[in-house]
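Trainee: Sending over a structure as structure tokens; questions will come in a sec.
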Amino acid sequence: MKRVKSRTQLAVMFLLGLAGWAAVVALMVWPVQSLAPLELSSEFAACLLFAIGARLLAFRAFRRVRIALDSAFYIVTVFVCGVVPAAVLVLITLTFDFLIRFLGGTGLYRLGEASWRRVLVHGLYNGGLPALVLLSIGAFFGDEWLRTLDDITLSWFLPTYALTFLVIHYFLTGGTHWLTGTKMEAVGWFIVRVIGAELILVPLSLAMVLGYRHQGL
């Protein structure tokens, strides 16, 4: 029974991760009018640098779960560069982090400990899921609307966007653990604590976006 649950979890993670990668690649190959294409600008490079830095400063909590307060920079990228660039940044950051920790022996899996299928699934899922969630929320509004928000509207909409992203992302992440038999109470308490930690940086995201609007990079 435990083995069946593990396979179910792996299948769900694979589908979610693959969907994220497929959606981002599709929008890069076939761009849509409402979403700006990826541009390798200095703004994108700065956001990527901060996101990778935050990810590399991740810490362990709640047993083997790794927490990194990098979501603040994903939100900034949405409002500065666009939804598709933000999704690409998520894929680059989290895939790079996964590979570095896997090869360095500090990640969830180490060389020789797990099958290549499991490692591949977690690699896809690690960046694919948050990219899919970020992209889905942003695509609903479109870049043109997000970039034309006045400061007052931005001050409440950006935290709402960030909260929506965090709740959906961690709900799906927690759901995969529930598939293996983890108690819902434990999953729910984990989600609340992690989201609370992530929300501390939302004011920083807002300050960075406002600063960029009025004073540039």
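Just so you know, all these numbers are worked out from the coordinates, no wet-lab data involved. The model shown is predicted, which means the values in this text are computed figures rather than measured ones. FYI the Cβ positions are ideal-geometry reconstructions off the backbone, even for glycines, and counts take in every protein chain you see.
Trainee: For the pair Leu204/Leu163, report the inter-label distance in nm, with labels modelled 7 Å from Cα in the Cβ direction.
Mentor: About 2.0 nm, to one decimal.
Trainee: How far apart, in nanometres, would the label points at Trp30 and Arg213 be if each is projected 7 angstrom from Cα along the Cα-to-Cβ direction?
Mentor: It is 3.4 nm.
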